[in-house]
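Data block below; observations after.
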Amino acid sequence: MTLAAIDWDFIVDNLPELLAGLRRTLVVATIGIAGAFLVGLVLGAARAHRIPVVSQLAAVYVEVIRNTPILVQIFFLFFGLPQLGIRLSPFVTAWLSVLIWGGAYNTENFRAGFEAVPRRFREAALALGFTPRRTFVNVTLPIGGRIALAPSINTYISVLKNTSLLTAIGYAELTNVSRSISAVTFKDAEMLLVVAVTYLAIVWTLSALIRLLEARLALPRTA
Amino acid sequence: MPDWVRPVAEYILKEGLKETLRMAGLAVAGSAVIGILLGTLLTIRFLPSRALIRLYVEVWRGLPIIVTIFLIFFALPSLDIRFSAFQAATIGLVLWGSAQVAEATRGAVESIPREQHEAAAALGFGWVGRHVNVILPQALRRLLPSMVGLLVNVIQNTTIAAIIGVAEVLETGNRSVERLTFTSFESHAFEIFAGVMAIFFIISFPLTRLAAYLERRLI
């Protein structure tokens, strides 16, 4: 099949459905990313400051999620939990699974960022009479948060890419919509090309954004 | 132990785990060979080759692996290129993995001091001899932690093959759930998927520890 053999009209005809799928992909990714940011910030701070109990529980959460495949986590939430009487809709399973996954990776990103803040900065703030909480908000967070920025955006990109796995539980995001259209029309190549180009456009834009932010928010060399 | 556990565990461990490990082994080996070659070539300052390899890396790293596997399994047949589900999934993982390795290799090769190149050149090595005998052995040492990390990721990503029907660990778990639902009206999905998670955890956890240890040791 050459470029000329692609049925462009077919793609145009199915554009509304594909856009609806893309919208669901973006909604799920946005909820997942926002949640992963909050989880990573809170648990990353708890890990870096070794807050008893919370820190240990967060460590277990991080290790379990990072050492098991996200697809199995999705199946566990969607097919395993109903046995305990917990029934999640495909939509809730969708955003919850990518949120839990992204939160674990982000906890590590933020922990590493906060721990990379030189000790003397914290000590200086405490000596100036900042309370521990204000020290975190005014010193550790702005510096450590910037160190964690690039790796955390990489995690957000992975969260977006992982929403494509939700096709396995039949959630009608972009990949799933394209497969449903192919199932009745047999136009697999057209649909998958559209899907691939869409993902690349989003992922490449976000990667470019990282480079831009890194240049803009880079810590001064003489820190 | 209830009656249903034994046949399910045997099916998942004997059939499923074997497929998972076979696919992971092939995918990691393929990714390493192609990735190290492309990564080394990426350090040559020749624009056309660099642009091509860059494109390869950015495309296969940028696409969700499931979309890559779908392209191979569902779209290539329209070009009369047909692969089995196992082959399609393995190739998809190799494309993704080799892009990761290429990027890591480029970094590792470029981190070898200039003097090493110059000394090797002064001893009369050509480009190939210099890289094979002097630069790559040093670069591979620095690459080791990320190769172990890749192994963990590839093992976990083999589960994506379940979506196109490869009977690896997750898919054998799935089929067990379906069979139990039909025969006994109790799916036991909770225990089975928890078990599948446990299998992956038992394999991955020591490897991620090893990767972290190597990172501390070698750098």
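The values are calculated or read from the model by the stated rules, or taken from the named source; none is laboratory data. Source: prediction; values computed, not measured. A quick note on method: Cβ atoms are made from the backbone with ideal geometry, for glycine too, and the neighbour counts reach across all protein chains shown. In case anyone asks, the SASA skips ligands and DNA or RNA and just uses the protein heavy atoms, side chains included. Shrake-Rupley method; radii C 1.70, N 1.55, O 1.52, S 1.80 Å.
In the list A:PHE121, A:PHE78, which residue meets the criterion of being away from chain B (no Cβ under 14 Å) and either of a type in the set (Phe, Trp, Tyr) or in contact with a Leu (Cβ under 7 Å, 6 or more places away or on another chain) (or both)?
A:PHE121
Restricted to the range B:28-66, and to residues that are surrounded by 18 or more Cβ atoms within 10 Å (Cβ to Cβ) and of a type in the set (Gly, Ala, Ser), which residue is farthest from B:SER98 (Cα to Cα)?
Residue satisfying both the conditions and the ranking: B:GLY62.
When you look at A:SER178, is it at the interface with chain B (Cβ under 9 Å from one of its Cβ atoms), assigned to a helix (DSSP H, G or I), open to solvent by 10 Å² or more (accessible area, probe 1.4 Å) and of a type in the set (S, T, N, Q), yes or no?
Against the criterion (at the interface with chain B (Cβ under 9 Å from one of its Cβ atoms), assigned to a helix (DSSP H, G or I), open to solvent by 10 Å² or more (accessible area, probe 1.4 Å) and of a type in the set (S, T, N, Q)), A:SER178 does not qualify.
A quick yes/no check of all residues on (1) aromatic (Phe, Trp, Tyr); (2) in contact (Cβ under 8 Å) with a residue 40 or more places away in the chain; (3) more than 26 Å from A:TYR105 (Cα to Cα):
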site: B:VAL152; (1), (2), (3): no, yes, no
site: B:ALA161; (1), (2), (3): no, yes, no
site: B:GLU168; (1), (2), (3): no, yes, no
site: B:VAL177; (1), (2), (3): no, no, yes
site: B:HIS188; (1), (2), (3): no, yes, yes
site: B:ILE192; (1), (2), (3): no, yes, no
site: B:LEU214; (1), (2), (3): no, yes, no
site: B:ARG217; (1), (2), (3): no, no, no
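Taking into account only those residues within the range A:1-22 that are over 15 Å from A:SER182 (Cα atoms) and at pLDDT below 90, which is nearest to the other protein chains (Cβ to nearest Cβ)?
Result: A:MET1.
Can you spot a residue in the range B:13-26 that is open to solvent by less than 30 Å² (accessible area, probe 1.4 Å) and not aliphatic (A, V, I, L, M)?
yes
Show the residue pairs meeting these rules: Cβ distance below 6 Å; 6+ apart or different chains; first residue within the range A:67-93 and farther than 9 Å from A:ILE169 by Cβ and in contact (Cβ under 8 Å) with a residue 40 or more places away in the chain; second residue open to solvent by less than 30 Å² (accessible area, probe 1.4 Å) and of a type in the set (A, V, I, L, M).
Correct list of pairs: A:LEU71/A:LEU165.
Of all residues in the range B:157-176, count the ones that are within 10 Å of chain A (Cβ to nearest Cβ) and surrounded by fewer than 20 Cβ atoms within 10 Å (Cβ to Cβ).
Residues in the range B:157-176 being within 10 Å of chain A (Cβ to nearest Cβ) and surrounded by fewer than 20 Cβ atoms within 10 Å (Cβ to Cβ): 0 in total.
Could you tell me which residue of the range B:177-192 is surrounded by the most Cβ atoms within 10 Å (Cβ to Cβ), considering only residues that are among the hydrophobic types (A, V, I, L, M, F, W, C) and more than 12 Å from every other protein chain (Cβ to nearest Cβ)?
B:PHE182
Can we say B:SER204 is at the interface with chain A (Cβ under 8 Å from one of its Cβ atoms), in contact (Cβ under 8 Å) with a residue 24 or more places away in the chain, surrounded by 19 or more Cβ atoms within 10 Å (Cβ to Cβ) and among the hydroxyl-bearing types (Ser, Thr, Tyr)?
Taking the combined requirement at face value, the residue satisfies it.
Take the residues in the range B:73-105 that are among the polar types (S, T, N, Q) and within 14 Å of chain A (Cβ to nearest Cβ), then tell me which one is nearest to B:ARG50 (Cα to Cα).
B:GLN100
Take A:GLU190 and decide whether it is touching a helix residue (DSSP H, G or I) at 6+ places or on another chain (Cβ under 6 Å), open to solvent by 30 Å² or more (accessible area, probe 1.4 Å) and not in a loop (DSSP other than H, G, I, E, B).
no
Determine which single condition B:PRO145 fails, assuming it passes every other condition in (1) more than 12 Å from chain A (Cβ to nearest Cβ); (2) open to solvent by 30 Å² or more (accessible area, probe 1.4 Å); (3) not acidic (Asp, Glu).
(2)
For the range A:156-174, which residues satisfy the criterion of being in contact (Cβ under 8 Å) with a residue 60 or more places away in the chain, within 10 Å of another protein chain (Cβ to nearest Cβ) and in contact with a Ser or Thr (Cβ under 6 Å, 6 or more places away or on another chain)?
Across the range A:156-174, the qualifying residues are A:THR163, A:SER164, A:LEU174.
Of the residues B:ARG216, B:ARG209, only one is within 12 Å of chain A (Cβ to nearest Cβ), more than 17 Å from the chain's Cα centre (by Cα) and among the basic types (Lys, Arg); which?
B:ARG209
How do the pairs read when you match residues in the range A:140-155 that are closer than 26 Å to A:ILE70 by Cα and in contact (Cβ under 8 Å) with a residue 12 or more places away in the chain with residues anywhere that are aromatic (Phe, Trp, Tyr) and surrounded by 16 or more Cβ atoms within 10 Å (Cβ to Cβ), using Cβ under 6 Å and keeping only pairs 6 or more apart or on different chains?
Note: pairs meeting the criteria are A:ALA148/A:PHE110; A:THR155/A:TYR105.
Within the range A:133-156, can one find any residue that is among the basic types (Lys, Arg) and over 30 Å from B:ASN153 (Cβ atoms)?
Checking the range A:133-156: at least one residue is among the basic types (Lys, Arg) and over 30 Å from B:ASN153 (Cβ atoms).
When you scan the range B:69-90, how many residues do you find that are in a helix (DSSP H, G or I), more than 21 Å from A:ASN176 (Cα to Cα) and open to solvent by 60 Å² or more (accessible area, probe 1.4 Å)?
2
Could you list all residues from the range A:1-37 that are closer than 26 Å to A:THR140 by Cβ and in contact (Cβ under 8 Å) with a residue 24 or more places away in the chain?
Within the range A:1-37, A:GLY32, A:ILE33, A:GLY35, A:ALA36, A:PHE37 qualify.
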